[in-house]
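The values are calculated or read from the model by the stated rules, or taken from the named source; none is laboratory data. Note that the structure is predicted; figures quoted are calculated from it, not measured. Positions of Cβ are generated from backbone atoms using ideal geometry, with glycine treated the same way; all protein chains shown enter the neighbour counts.
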Amino acid sequence: MKPVAVSTQVTCFHCGEDCGKHPVVAQELQFCCEGCKMVYEILNQGGLCDYYNLSKNPGSRQTSIVRENKFAFLDDPSIAQPLIAYSDDTQTHVSFYLPQMHCSSCLWLLENLFRLNQNIISCKVNFTRKEAEIIFNHREVSLRSVAELLTSIGYEPYISFSNIKDARPGVSKAKIYKLGVAGFCFANIMLLSFPEYLGIDGKEVNLVRLFRYLNLLLSFPVFFYCATEFYQGAWRSLKHKFLNIDAPIVLAIWVTFARSLYEVLTGTGSGYFDSMTGIVFFMLVGRILQDKTYAQLSFDRDYTAYFPIAVTRLNNNGESSVALPDIKLNDTLRIHHQELIPADGILTRGKALIDYSFVTGESLPVVKEMGEIIYAGGRQTGSNVEMLVIKEVAQSYLTKLWNRDELKSGKKDEQRSFVHLTSRYFTWVVFGIAAITAAYWLVNDPTKVANSVTAVMIIACPCALLLSNTFTNGNILSMLGRNQFYLRNAQTIENIAKANHIVFDKTGTLTNGASLEISYEGELLTPQQQQWIALLASQSAHPLSKAIAEHLGDRSPESITGFTETGGLGLRGSIAGKAICMGSKKFVLGNKQGDEKTAVYVSIDRKYRGRFIVKNHYRENIVKLFSKLRKGYSLSVLSGDNAGEKDFLQNLLGKRAGIYFHQGPHDKLNMIKQLQSTGKKVIMVGDGLNDAGALKQADAGIAVSDNCNNFTPASDAIIQAEKLPLLHKFIRLCRINKRVVVSSFIISILYNVAGIYFAVQGNLSPMVAAILMPASSLSIILISFAATNLAAWKLGLK
Amino acid sequence: MSAIIILLVISLIVAGVFLVAFLYSVKQGQFDDEQSPPIRILFDDTPNSTKHQ
C-alpha cells in the first residue's frame with residue numbers, strides 16, 4: 001500500500017474523533033490512538049464488526065488507559081459480595097453501570113458479549129439506566145475478568161462505594177397500579193351511569209338498581225385503594241400540623257362517597273360515583289406526571305459516590321486491595337495515576353502532582369514533596385506514589401465537611417408550595433358558602449340542608465387547583481429535561497422561580513476545566529527561541545509546561561543539556577549553548593511581589609524576556625448569559641482559585657457583583673447562609689465537591705456537569721454544561737409556571753361557580769356533576785399544556 | 001333485559017382482563033426501559049460478518 005498524503009482530516013474508525021497528524025493504521029483503517037485500535041482488534045477477532053455497521057463511529061475515545069490491576073479489588077469476596085445480585089452453584093448475576101453506553105451499537109455489542117467469552121451466559125442491557133445485567137459462570141470466569149473484558153472493549157464499569165449501599169430510586173409502581181385500577185373503575189362507572197343520564201325507562205326498576213349497585217361495587221377499590229395516595233398525604237401533613245392541599249381533597253372524596261352510598265342504599269338517587277372516581281383518576285395522572293424521575297440521574301450523591309471502592313494497601317507481604325471503610329490509621333497506600341486520594345495522609349514515596357480542582361476549585365494541580373500532608377479527594381496525576389494514612393476516611397478534612405449534620409438532614413424542613421396555602425383560603429371560602437347555604441335552607445326548607453351542603457362540598461373540591469399544579473409542573477419538568485436541565489422534583493421549579501440572587505462557582509462552572517488559554521506578553525520571541533522554549537517545556541509533565549509546549553507547537557530539533565526541574569517552580573536547561581529558564585516569578589526573577597495571575601516567566605541567557613499568561617477557558621456564551629442575568633438578579637462568584645481574573649469577572653458581572661477568591665468549602669457555605677440571613681433567596685450554581693455544602697444550603701442548588709452520568713454533588717438540579725448559557729431562559733420558564741397554575745385555576749373556578757349555582761339550590765343532579773367535573777379537568781389540562789408550550793416556544797426552547 | 005345483563009358481565013370481564021394484563025406488565029417491568037426493546041428487535045440473531053470489509 002502506498003503511503004497516502006493526508007491532507008484532509010482523518011477521523012478515527014472507532015470513535016469518530018480527529019486522528020491528528022499521525023493516525024494509527026491497522027488493516028487499512030485509521031485510528032486516533034492505540035486504545036481505539038485495540039478495541040477494534042478485539043471485536044474483529046470475536047467476529048463482532050457489525051458493531052461498526054449499526055451506527056457510524058460508535059466507539060468512545062480510549063485516551064485514558066486503564067491500569068492493569070485496577071479491578072483487582074473484585075477478587076476480594078467481601079468487596080465483590082455486595083455488587084452481586086444473585087449467585088448459585090454455577091451462575092452469578094451482576095449489574096454494572098456503564099456510563100459509556102450511548103447508541104444502538106453499544107446495546108448490540110454488549111448483548112453479544114457472550115461471543116467474546118463463552119463463560120458469559122447472557123448480558124441484558126437497560127438503556128435508560130445505562131446498566132447491563134450480566135450472568136456468568138463464576139467457576140470459569142471471575143467477576144474481575146468480566147469487568148476487565150468490558151473495559152477492554154471500551155465500556156469501563158463505574159463502580160463506586162455508593163453503588164453498594166443503595167438501590168437507585170425508581171418510579172413508584174404502587175402509584176401506577178393505583179392509576180390502572182382507578183382508570184378501570186372510572187371508565188366502567190361512567191359507562192354504567194349512562195342509562196340513567198339518558199333517561200332509562202322508569203319501569204325498569206331492577207335494572208336501575210343493578211346499575212347503581214354495580215357502580216357502588218366498582219367505587220370500592222377507588223375509595224379504599226386508589227385514593228389512599230391522598231389519605232397518606234393528608235395524614236402526613238396533619239401530623240406536621242400543616243394543612244396541605246390533600247386534606248380538603250380527602251374531605252371532598254369522603255363527603256361524595258358518603259352521600260352516594262346513602263343515596264344508593266336508600267334508593268333515593270344514583271350517587272356521584274363517576275365524579276368521585278374521575279377526580280381520583282385525573283389527580284393520580286397529574287401526580288405521576290409530576291413525579292416522573294430521571295432514572296439515569298442521581299441527585300443524592302455524597303462523597304462516597306465520588307471515591308473509589310477500594311485502594312491498594314501495602315503490607316509486609318506485597319500489596320492487597322482494601323475497601324475504603326477498612327482503611328486504618330498508619331496503613332501505607334499506593335495511589336496510582338488518575339486515582340483519588342481516599343484519606344488524609346503523609347506522602348512517603350514519589351512526587352505527587354495532585355489535582356484538587358474538583359475538591360477545592362483550584363484550577364491547577366499542586367506539587368507535593370515527600371513528607372507533606374495530602375488531603376483526601378485530590379486526584380494524583382503522573383507516577384505512582386505511596387502515602388501513610390493519618391486520618392481515617394470518615395475523619396478526613398473534606399469528608400468531615402460533607403458529614404456535617406446540617407448538610408445531612410433533609411434540605412428544607414418543610415417544603416411549602418404556594419398551592420397548599422392557596423388551597424387553604426379556598427377551603428375557607430367553600431366552608432363559608434356551605435355555611436350560608438345551610439343557614440338559608442334551615443330557615444326556608446330544613447329538608448334540603450344536608451342535600452345542598454354536601455353538594456357544595458362535592459363541587460367545590462380544590463382538585464382543580466391540584467390538577468393545574470401537577471400537570472403544569474409535569475409539563476415544565478419534561479420540557480426542561482428535553483433541554484438537558486434536570487430538576488430533582490416539582491418543588492425545585494418554585495424555588496428557582498422565587499430566587500433573587502445567583503451565586504456561581506468559577507472553576508469547572510464558568511470555565512471549562514480541561515482547557516487553558518495562553519497568551520504571551522514581553523519581548524518578541526524569534527521562531528527559533530520559541531522552538532527552544534517548546535523543547536524545554538515538553539520535558540516536563542507539569543500541566544502548565546504541557547500547555548505551553550502545545551501552544552508553541554514545533555520543537556527545536558537540537559538537544560538539551562543540563563535539564564533540571566524544580567518541582568512546582570520551574571525548569572532549567574541549555575539548548576544550543578543558551579541557558580533557558582522558565583517558571584514562576586520567584587524562580588526566574590527571584591522576587592514574588594504583586595503577582596496574582598497564573599503566569600510562566602521566561603529568561604534566555606539570564607535575561608528576562610517575557611511571560612506566558614495562562615487563563616482558564618470560559619465556556620461559550622457565558623458573557624451573553626451574564627448580560628441577561630444582570631438585569632434581574634444580584635450576582636456573585638465564589639472561587640477557590642487565585643484572584644488572577646478578578647477584573648475580567650467584575651466586568652462580566654457588573655460593578656455591584658460580589659467576587660470572592662480563595663474560598664474554601666466552608667467559606668462558600670457560610671457566604672450562602674449570610675446571603676440568606678439578609679432575606680435573599682439564593683440559587684447556587686457549582687460543579688465540584690467544594691460546592692457541595694453551598695449547593696445544599698442554597699434555596700436551589702444547580703450542579704453543572706459535562707456529562708450528566710458522571711459524578712455530580714448532591715443538588716436540586718443538574719444542568720448539562722453546554723446548556724448553561726440558556727440558564728436565564730430556564731429560570732424564566734420556572735417563573736411562568738406559577739402564572740400558568742393560577743390562571744388555569746381561575747378558569748376552573750368558573751366551572752365551580754356554575755356548579756355551586758346548582759348546589760346551593762340543593763338540586764345538583766349527578767349528571768350536571770358528571771359533565772362539569774371532566775369538562776373542568778380536561779380544560780385545565782389543555783390550558784396548562786398549551787400555556788407552558790407556548791411559553792417555551794416563545795423562549796426558543798425545545 | 002337478560003341480554004343486557006349478559007353483555008354487562010362480558011364487558012366487565014373483558015375490561016378486567018385488560019386491567020390484569022396492565023398490572024401484570026407493570027409488575028414484570030415492561031415499562032422500565034423503553035429505549036432498548038425497539039432497538040433490540042432490529043438486530044440479526046447472529047452477526048453476519050466476521051471481518052469488516
With respect to the numbered conditions (1) assigned to a loop (DSSP other than H, G, I, E, B); (2) under 30 Å from A:Glu17 (Cα atoms), which one is the sole condition not fulfilled by A:Glu140?
(2)
Every residue from region A:103-162 that is free of Cβ contacts under 8 Å to residues at least 24 places away in the same chain, surrounded by fewer than 18 Cβ atoms within 10 Å (Cβ to Cβ) and either within 27 Å of A:Leu324 (Cβ to Cβ) or of a type in the set (S, T, N, Q) (or both):
A:Gln118, A:Asn119, A:Ser122
I'd like the residue in region A:15-35 that is touching a strand residue (DSSP E or B) at 6+ places or on another chain (Cβ under 9 Å) and within 14 Å of chain B (Cβ to nearest Cβ) and, out of all such residues, is surrounded by the fewest Cβ atoms within 10 Å (Cβ to Cβ).
A:Gln30
Can you give me the number of residues within region A:635-646 that are in contact with a Lys or Arg (Cβ under 7 Å, 6 or more places away or on another chain) and assigned to a strand (DSSP E or B)?
2
Taking the residues in region A:501-532 that are among the β-branched types (Val, Ile, Thr) and touching a His at 6+ places or on another chain (Cβ under 9 Å) as candidates, determine which candidate is surrounded by the fewest Cβ atoms within 10 Å (Cβ to Cβ).
A:Ile518
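Conditions (1) in contact with a helix residue (DSSP H, G or I) (Cβ under 8 Å, 6 or more places away or on another chain); (2) part of a helix (DSSP H, G or I); (3) assigned by TED's automatic domain parsing to the domain that holds A:Ala450, marked per residue:
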| site | (1), (2), (3) |
| --- | --- |
| A:Lys673 | yes, yes, no |
| A:Ile683 | yes, no, no |
| A:Asn690 | yes, yes, no |
| A:Ser715 | yes, no, no |
| A:His728 | yes, yes, no |
| A:Asn752 | yes, yes, yes |
| A:Gly755 | yes, yes, yes |
| A:Ala770 | yes, yes, yes |
| A:Ala775 | yes, yes, yes |
If we take region A:474-570, then helices (runs of 4 or more DSSP H) inside it with 3 or more residues that are within 30 Å of A:Gly286 (Cβ to Cβ) are A:490-498
Can you tell me how many residues within region B:19-41 are within 8 Å of chain A (Cβ to nearest Cβ), part of a helix (DSSP H, G or I) and surrounded by fewer than 14 Cβ atoms within 10 Å (Cβ to Cβ)?
1
Being outside any loop (DSSP other than H, G, I, E, B) and modelled with pLDDT of 75 or more is the requirement here; does A:Gln100 meet it?
no
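One line per residue, one yes/no per condition, for (1) touching a strand residue (DSSP E or B) at 6+ places or on another chain (Cβ under 6 Å); (2) crowded, with 22+ Cβ neighbours inside 10 Å:
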site: A:Phe418; (1), (2): no, no
site: A:Asn469; (1), (2): no, yes
site: A:Ile476; (1), (2): no, yes
site: A:Phe485; (1), (2): yes, yes
site: A:Ile493; (1), (2): no, yes
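Residues are listed down the side, and each one gets a yes or a no for (1) modelled with pLDDT under 80; (2) hydroxyl-bearing (Ser, Thr, Tyr); (3) closer than 26 Å to A:Val366 by Cβ; (4) touching a His at 6+ places or on another chain (Cβ under 6 Å):
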| residue | (1), (2), (3), (4) |
| --- | --- |
| A:Ala534 | no, no, yes, no |
| A:Ile548 | no, no, yes, no |
| A:Pro557 | yes, no, no, no |
| A:Thr561 | no, yes, no, no |
| A:Gly568 | yes, no, yes, no |
| A:Arg572 | no, no, yes, no |
| A:Lys578 | no, no, no, no |
| A:Gly583 | no, no, yes, no |
Quick check, is A:Gly553 touching a His at 6+ places or on another chain (Cβ under 8 Å) and modelled with pLDDT under 80?
no
